[in-house]
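Chemist: First, the structure itself, so that you have it in front of you.
Just so it is clear, none of the values below were taken in a lab; they were calculated from the coordinates. Note that the structure is predicted; figures quoted are calculated from it, not measured. A quick note on method: Cβ atoms are made from the backbone with ideal geometry, for glycine too, and the neighbour counts reach across all protein chains shown.
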Amino acid sequence: MSDRAEGEGLEIAPRIMIPLKEIELRASRSSGPGGQHANVTASRVEATFDVERSESLPEDVRDRLLEAVGPRVSAVAQDERSQHRNRAIALERLRRRLADALYVQPPRRPTRPGRGARERRLQEKRSQAERKQGRRPPQLGE
């Protein structure tokens with residue numbers, strides 16, 4: 001886990017930082033096994049970010065996030081016994097979801113098949129034609 005999720009905010013892209021005050025963190029009791037410790041400790045952490053109400057996001061980034069993930073994004077962590085560690089994991093998962101939503105796939109540049117690929121394709125066509133030619137019944141007069 002990097003230090004990007006701690007400190008003053010959550011860096012989701014270069015020069016795009018979400019202050020931690022805009023992220024709602026809720027702790028609750030974790031589900032699953034754990035014995036007496038899990039029954040009394042609120043170690044599960046849910047980090048929720050309201051995209052619509054954010055004051056720190058530029059307008060174009062907000063629009064792209066709203067289109068990609070909707071008005072609210074949340075991430076849950078209950079992997080560890082420690083609330084502090086689960087908080088860090090939840091913030092990192094939230095950061096990753098927001099960063100993935102902002103990623104724009106570069107356009108594909110069309111390419112042409114190389115000489116080797118063309119030769120293999122033509123050779124395969126020739127061998128397929130020979131195979132089918134061999135299945136035909138012999139012609140009278142040949």
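Chemist: Give me the one-decimal nm value for the distance between modelled label points at residue 28 and residue 118, 7 Å along each residue's Cα-to-Cβ direction.
Modeler: 6.3 nm
Chemist: Once you keep just the Cα pairs under 8 angstrom separated by 6 or more residues, what percentage relative contact order results for the chain? Display every interim value, and only then the final one.
Modeler: Working: 166 pairs, mean separation 30.2, N = 142.
Computed over the chain, the figure is 21 percent.
Chemist: Moving on to the next point. Sticking with the crude label model, points 7 Å out along Cα→Cβ, report the distance from residue 84 to residue 102 in nm, one decimal please.
Modeler: 2.8 nm
Chemist: For residue 67 paired with residue 128, estimate the spin-label separation in nm (one decimal), with each label point 7 Å from Cα along the Cα-to-Cβ line.
Modeler: For the pair residue 67/residue 128, the computed spacing is 4.0 nm.
Chemist: Which listed residue (117, 31, 19) has the Cα farthest towards the positive end of the charge dipole for the chain, taking +1 on Lys and Arg C-beta and -1 on Asp and Glu C-beta about the Cα centre?
Modeler: So the residue we want is 117.
Chemist: As I understand it, the dipole of the chain uses +1 on the Cβ of Lys and Arg and -1 on the Cβ of Asp and Glu, about the Cα centre. Which of 51, 105, 82 lies farthest toward its positive end?
Modeler: Result: 105.
Chemist: Let me ask something additional. Taking all pairs of distinct Cα atoms, average 1/r, flip it, and tell me the Kirkwood hydrodynamic radius of the chain in Å to one decimal place.
Modeler: Working: mean 1/r = 0.0509 Å⁻¹.
One over the average 1/r among Cα pairs gives 19.6 Å for the chain.
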